[in-house]
1. Would you kindly work out the equivalent ellipsoid of the stretch 223-328 from its C-alpha gyration tensor and give its semi-axes, the square roots of five times the eigenvalues, largest first in whole Å?
2. Counting residues in the stretch 210-487 as N, plug N into 2.2 N^0.38 Å and put the Cα Rg over that result.
3. Shape call for the stretch 1-206 from the C-alpha gyration tensor, a ≥ b ≥ c root eigenvalues: rounded (a/c under 1.5), prolate (a/b greater than b/c) or oblate?
4. Per q in 0.23, 0.27, 0.30 Å⁻¹, report the Debye log10 I(q)/I(0) for the stretch 289-340, using one uniform scatterer on each alpha carbon and no solvent.
5. Strictly greater than 19 Å: what percent of every Cα pair in the stretch 173-238 meets that?
6. Ignoring everything except DSSP H segments at least 4 long, calculate the 222 nm mean residue ellipticity for the chain; use -39,500 (n - 2.57) per segment, divide by total residues, nearest 500.
7. Take the Cα atoms of the chain, build their convex hull, and give its volume per residue in Å³.
8. Taking the alpha carbon gyration tensor of the stretch 52-165, what are the square roots of 5 times its eigenvalues, largest first, to the nearest whole Å?
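No value in this document is a laboratory result; all are computed from the given coordinates. Worth saying up front: this structure is predicted, and the values here are computed from it rather than measured.
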């Protein structure tokens, strides 16, 4: 019953996040022309560079050890050392933007504003994600959901007010940073209130062994991941221009928003259970936990991919301004690219079982090299922007296949063939329905009806998968932190 209540709470919170994200896209595409949306996409690219390459490896290490450090009352003491590193990451983002800006006709006054904005966003987004994630890892689902929604609402409100006054991508980006900061302050206070008084002593966040065997290999992997996820936008801007980048960023952004919300929902619900299960388990138990995780989430991802393909035309009609009507195919391609990315990240969790993060470098490197070479080739033969974005899916598939083969050598896992075959069949059925419906989403009423029906079909499909999966039942039997459940 507690697990069911947590799931309902997280689903409700994530539905609110989906709505806020789509409203945010509608407002930003209404207020910003494609060129300014392209500038916003570039700013986000440098923020994501810091988030994936510098912050994500340390963040994953914190998640991996959260329960151990809570048990020995050293979590807050260890996190105090994290502040200087986060500030260093923010400055690195500013310097990276400055290096790119030297090739652009930007005056120094604008360049400094962009650098300050990137630094502020990295700091605010990192502490927001860290604090909200800790609340969830500690079992404080309600507080985690509340502060995530507060962040989205504040960012939407402040960005809207700033863009009305200064209609440019920098103003929208700055408003999002302000919203992140507000959520970070509130969630951080909630974390400190719920944790016991830390024991006295000097406790390092990382040691040399962790940096060498965990952080550096993971940073190399996430660096390649950044290029495949966001960094390639620099090539899009270089070869096809800012306006084309703006259209691409909107189309892929719709897909990324939906997939990010869904991915974070299942991660919020199941990943704390997975990390608790492997925290003090044997290698064999860790391998079983990983098998349960991929057999629970992988089929759900396939169903969600089909649902997003069906919903894409309706989403364009409902949530994009008329000046961006040409992005429908970018949304379709983005949904498929996001599916390959999410599945790749899911299988990458296998490296956490034995903390051998170096195994992730090759798959993400394959994806990055494939994408770069394909985009340069496409530009060389004069391909249009739609054909170029098709290369993102090709690179994603290359990364996914390499990831499965690589992790298979590292961790012995088993596929639940019943669940995967059922998911593939459901994917085909739902996608066929979507193909027949794609020309119907011309009005708000029809589009809204399509979204509701697609959601209902998806929920029924997930219910079937839930009933068929013994792995998810084993994950749900794990207890998190009874000590904190009542706080």
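1. Values: eigenvalues 250, 68, 19 Å².
Sorted largest first and rounded, they come to 35, 18, 10 Å.
2. 1.06
3. Details: a/c = 2.63, a/b = 1.40, b/c = 1.88.
Verdict is oblate for the stretch 1-206.
4. The Debye formula, applied to the Cα set alone, gives -0.82, -0.98, -1.09.
5. Within the stretch 173-238, distances greater than 19 Å cover 68 percent of Cα pairs.
6. Rounded to the nearest 500, it is -27500 deg cm²/dmol.
7. Measuring per residue, one finds 141 Å³ for the Cα hull of the chain.
8. 31, 20, 9
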